[in-house]
Amino acid sequence: MRKILIFILIFYSFLLESKNIDGDFDNGKNLFKKNCTACHYMDLNKKMIGPALYGVTEKRNREWLHKWIKDNKSLRNSGDKDAIDLYKEYGNIEMNSFPQFSEKQIDDILFFIKKSKKEKVNENKIKINEEYENFIYERKNKSFLIKIFLLFFSIITLIILWILYRIYVLHKLMYGKPKYITRLHIKNFLIKILYKNFLVNKKKNWYLLSSFLGIIIVFNIYMIWFFLMKIDINKGYKPMQPIYFSHKIHSDINKIDCQYCHSNAKYGKVAGIPTINVCMSCHITINEYKGNYIEKGKNINDYNKEINKIYYTAGWNKEKMKYTDNVHPIKWIRIHNMPDFVYFDHSQHTKIGEKTIKKLKKVDIICSACHGNVKKMDQVKMHEDFTMEWCISCHRNVKVDMDNQYYKEYYKNNNIKKSTLNEIGGTECAKCHY
């Protein structure tokens, strides 16, 4: 009886320890993201390098969890059986210690683990259903508009056929016998005018025909010139990539900096395409999409398929949590590509011209000046024309950054006053073509 009472007291003390855990949910979530997701899944329900943490506050008391998180090695060395068993269960892999964490920070993390609910998955499903219903509704509206367009097109086709018939009648008047006109008893005002101008008065007929042909020739020359000037102008170009990647989810919602993936953008000649290792630095622990944002026409399974493509290309076995030798390089489709005869240095614009370009284009980040508001794009597209005219117009308006060390020396040696780039040779041919 005494042993039963002791067991009940210990059990209830554990429960009280669990219930006494209190903290800031949001701060705990952020701390967990930054410090724990290398070894523990964010959804807390699956094993990874470390155990699944959902319900850990029910299994362990607050004091033990604090000791384990702060310095699990010391806890094992003290002979704590639970600590030693946990260490052996996960292949003698030692968990990182966090002595820098305060009591409050650990409580915040534990509170986040304690209060995390599985109902979030259901909320996501509801969100998906709402998005899907909206998508179906819009698609029905589009199909109705298509039907209206087809009806309008049919009416226009009938009108054109009627006009062609009247032209046929006119042709009979012009090349048939004059008495043919009297037989028709010309009542159509338009046919009377055309008959008088083209059939009766031959001199006027020649002038009008010449003028008409001249207009057609000039128009065709203009259209040919316009077509030639639009060769390789791909504004709006938006190809489907081998792996679908939403900049809105990564850059806008999750606040990932552009240079985390495009590390050469600021100091290199080209921005560069991130390697699959950059993707895996996050997705080694994020194997499912858990966000609330769902694009129209998509669902969570679509995003999860793209994550699996990352594993396929990297040769990552997510069940065994290890890399294999079976890798498959990604064949990305390049969107922005300057011709070979054009020299363009990315760093010269993002580093030296950052302040003045941002001021001229009225953007918050330098990337948006040329590429548009990429962080709001689900699928990246070419935002500008990127023609020589477009580049020169910028060079004629952007001011030289007088705070830049290079231009400080340049102006000092040349005694030039503050000016735009074209005044210091920014529009010379040899600057870009040599």
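The values are calculated or read from the model by the stated rules, or taken from the named source; none is laboratory data. Keep in mind it's a predicted model, so treat the numbers as computed, not measured. A quick note on method: Cβ atoms are made from the backbone with ideal geometry, for glycine too, and the neighbour counts reach across all protein chains shown.
Only residues that are in contact with an Asp or Glu (Cβ under 9 Å, 6 or more places away or on another chain), under 10 Å from T356 (Cβ atoms) and either of a type in the set (D, E, K, R) or at pLDDT 90 or above (or both): list them for region 390-405, please.
Passing the criteria: only D401.
Can you tell me which residue within region 222-239, out of those that are in contact (Cβ under 8 Å) with a residue 24 or more places away in the chain and not acidic (D, E), is surrounded by the most Cβ atoms within 10 Å (Cβ to Cβ)? If you could, list the steps in order and put the result at the bottom.
If we filter region 222-239 for residues that are in contact (Cβ under 8 Å) with a residue 24 or more places away in the chain, which is where we start, we get 232-239.
Still in the list and also not acidic (D, E): 233-239.
Values: I233: 14, N234: 16, K235: 13, G236: 10, Y237: 13, K238: 12, P239: 13.
In this case the residue turns out to be N234.
Select from region 406-422 the residues that are among the polar types (S, T, N, Q) and either modelled with pLDDT of 80 or more or buried (at least 16 other Cβ atoms within 10 Å of the Cβ) (or both) and list them in ascending order. Before the answer, list the steps.
Of all residues in region 406-422, those among the polar types (S, T, N, Q) come to 413-415, 419-420, 422.
Hits for region 406-422 are S419, T420, N422.
If you take the residues in region 358-412 that are assigned to a helix (DSSP H, G or I) and among the β-branched types (V, I, T), which one is nearest to C261 (Cα to Cα)? Full working, then the answer.
Looking only at region 358-412, we keep the residues that are assigned to a helix (DSSP H, G or I), and these are 358-361, 367-371, 374-376, 388-397, 405-412.
Right, trim to among the β-branched types (V, I, T) and you get 374, 392.
Numbers: V374: 14, I392: 29 Å.
Only one residue fits best here, namely V374.
Is it true that N277 is over 18 Å from D378 (Cβ atoms), surrounded by fewer than 16 Cβ atoms within 10 Å (Cβ to Cβ) and among the polar types (S, T, N, Q)?
Working: over 18 Å from D378 (Cβ atoms): yes; surrounded by fewer than 16 Cβ atoms within 10 Å (Cβ to Cβ): yes; among the polar types (S, T, N, Q): yes.
Yes; evaluated as a whole, the condition is true for this residue.
Check region 314-327 and report whether any residue there is surrounded by 16 or more Cβ atoms within 10 Å (Cβ to Cβ) and within 30 Å of N45 (Cα to Cα). Talk me through it step by step, then tell me what you get.
Looking only at region 314-327, we keep the residues that are surrounded by 16 or more Cβ atoms within 10 Å (Cβ to Cβ), and these are 314, 316.
Within this subset, residues satisfying the condition of being within 30 Å of N45 (Cα to Cα) are 314, 316.
The answer is yes, given that some residue of region 314-327 is surrounded by 16 or more Cβ atoms within 10 Å (Cβ to Cβ) and within 30 Å of N45 (Cα to Cα).
Would you confirm whether or not region 49-60 contains a residue that is over 16 Å from L110 (Cβ atoms), β-branched (V, I, T) and free of Cβ contacts under 8 Å to residues at least 60 places away in the same chain?
In the first step, residues of region 49-60 are kept if they are over 16 Å from L110 (Cβ atoms); the result is 49.
So of that shortlist, the ones also β-branched (V, I, T) come out as 49.
Subset that is free of Cβ contacts under 8 Å to residues at least 60 places away in the same chain: none.
Scanning region 49-60 turns up no residue that is over 16 Å from L110 (Cβ atoms), β-branched (V, I, T) and free of Cβ contacts under 8 Å to residues at least 60 places away in the same chain.
For K309, state whether it is in the same structural domain as K266 (by TED's automatic domain parsing), at pLDDT below 90, within 22 Å of T275 (Cα to Cα) and surrounded by 13 or more Cβ atoms within 10 Å (Cβ to Cβ).
Details: in the same structural domain as K266 (by TED's automatic domain parsing): yes; at pLDDT below 90: no; within 22 Å of T275 (Cα to Cα): yes; surrounded by 13 or more Cβ atoms within 10 Å (Cβ to Cβ): yes.
Here the answer is no, as K309 does not meet what is asked.
Suppose we filter T356, T350 for residues that are more than 19 Å from F386 (Cβ to Cβ) and crowded, with 17+ Cβ neighbours inside 10 Å; which single one remains? Spell out the reasoning first.
Numbers: T350 fails: more than 19 Å from F386 (Cβ to Cβ).
One residue alone meets the criteria, T356.
Among the residues of region 229-256, write down those that are at pLDDT below 90 and either touching a Cys at 6+ places or on another chain (Cβ under 6 Å) or of a type in the set (D, E) (or both).
Residue satisfying the conditions is D232 alone.
Those residues that are touching a helix residue (DSSP H, G or I) at 6+ places or on another chain (Cβ under 8 Å) and free of Cβ contacts under 8 Å to residues at least 24 places away in the same chain, I need them from region 264-288; list them, please. It would help to see each step written out before you state the result.
Start the filter on region 264-288 by keeping residues that are touching a helix residue (DSSP H, G or I) at 6+ places or on another chain (Cβ under 8 Å), which leaves 264-271, 274, 276-280, 283, 286-288.
The answer is P274, V278.
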